[in-house]
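One structure is given here, and the rest of the page talks about it.
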Amino acid sequence: MKINSIGLPVAESEVIIVDLNVLLSNFQVYYQSLRGLHWNIRGKRFFDLHLKFEELYNDAQIKIDLIAERVLTLGGRPLHTFEDYIKFNQLTVGKNISNDETGIQLIVTSLSQLLRIEREILSKASEINDEGTNSMMSDFIVEQEKTIWMMKAWLEESL
């Protein structure tokens, strides 16, 4: 079995690299949807949601960089074209959303899909003791689960 410079099996790491690039692509689409929500939100909750969407897209931008750096750490090359992002995207694209509830529901749906991808990566990384990827996925999962809970609480309140 061939081992890379950080002590992980090369073949299994290559599988995780592909999955991380899928996650990267989906995060890029999520990020852009958040930017659209930030720009287009209307209504009485504008001020609160405008700031919240900015907070979320800034967080997504940090995660995008972390994912790309993990791909590089594992010996891969991060995807970086819109063509690739669209090819591997599994999320609903938020386009021209100005309604608060529609925007929040898009975030819940997007984060739920990102969690599915992250849990798959976590499972594969655990099999090869890839603690770096595990740690990153665990951190993402904990934070996103809490965000979903908060967004769902907001949706209940606004019904």
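The values are calculated or read from the model by the stated rules, or taken from the named source; none is laboratory data. Quick caveat: nothing in here was measured; it's all calculated off a predicted structure. Here the Cβ positions follow ideal geometry from the backbone for every residue, glycine too, while neighbour counts run over all protein chains shown.
Taking the condition surrounded by fewer than 18 Cβ atoms within 10 Å (Cβ to Cβ), among the β-branched types (Val, Ile, Thr) and in contact (Cβ under 8 Å) with a residue 60 or more places away in the chain, does Ile6 pass? Yes; evaluated as a whole, the condition is true for this residue.
As a summary of the residue check, Asn58 satisfies the conditions (1) exposed (fewer than 14 other Cβ atoms within 10 Å of the Cβ); (2) over 16 Å from the mean Cα position of the chain (by Cα); (3) assigned to a helix (DSSP H, G or I) except for the one numbered (2). Residues in region 27-43 include at least one that is touching a residue at least 40 places away in the same chain (Cβ under 8 Å), polar (S, T, N, Q) and in contact with a Ser or Thr (Cβ under 8 Å, 6 or more places away or on another chain).
I need a count of the residues in region 108-142 that are within 30 Å of Lys44 (Cβ to Cβ) and either within 11 Å of the chain's Cα centre (by Cα) or modelled with pLDDT under 95 (or both). Full working, then the answer.
If we filter region 108-142 for residues that are within 30 Å of Lys44 (Cβ to Cβ), which is where we start, we get 108-114.
From the residues that got through so far, the ones that are either within 11 Å of the chain's Cα centre (by Cα) or modelled with pLDDT under 95 (or both) too are 110-114.
Residues that pass the stated criteria total 5.
Across region 108-159, what is the number of residues that are part of a helix (DSSP H, G or I) and touching a Gly at 6+ places or on another chain (Cβ under 9 Å)? Show your work before the answer.
Going residue by residue through region 108-159, those that are part of a helix (DSSP H, G or I) are 108-127, 131-158.
From the residues that got through so far, the ones that are touching a Gly at 6+ places or on another chain (Cβ under 9 Å) too are 110, 125.
The qualifying residues number 2.
Which one is nearest to Ile3 (Cα to Cα) among residues in region 126-142 that are among the charged types (D, E, K, R) and touching a residue at least 60 places away in the same chain (Cβ under 8 Å)? So the residue we want is Asp130. Only a single criterion out of (1) touching a residue at least 40 places away in the same chain (Cβ under 8 Å); (2) within 18 Å of the chain's Cα centre (by Cα) is not satisfied by Thr73, namely (2).
Could you tell me how many of the residues in region 61-92 are outside any helix (DSSP H, G or I) and of a type outside the set (Val, Ile, Thr)? Spell out the reasoning first.
Kept after step one, since they are outside any helix (DSSP H, G or I), are these residues of region 61-92: 74-81, 89-92.
From what's left, of a type outside the set (Val, Ile, Thr): 74-80, 89-91.
Total satisfying the criteria: 10.
For region 87-107, which positions are within 12 Å of the chain's Cα centre (by Cα) and under 22 Å from Trp149 (Cα atoms)? It would help to see each step written out before you state the result.
Narrowing region 87-107 to residues within 12 Å of the chain's Cα centre (by Cα): 89-91, 107.
Gln90, Leu91, Ile107, listed by residue number.
One residue stands out among those in region 61-87 that are β-branched (Val, Ile, Thr) and surrounded by 15 or more Cβ atoms within 10 Å (Cβ to Cβ): the one that is nearest to Met136 (Cα to Cα), which is Ile67.
In this structure, Asn96 does not satisfy being surrounded by fewer than 17 Cβ atoms within 10 Å (Cβ to Cβ), out of contact with any strand residue (DSSP E or B) (no Cβ under 9 Å at 6 or more places or on another chain), in a helix (DSSP H, G or I) and not aromatic (Phe, Trp, Tyr). Here Val15 passes the criteria (1) closer than 20 Å to Arg77 by Cβ; (2) more than 20 Å from the chain's Cα centre (by Cα); (3) touching a residue at least 24 places away in the same chain (Cβ under 8 Å); (4) surrounded by fewer than 20 Cβ atoms within 10 Å (Cβ to Cβ) except the one numbered (2).
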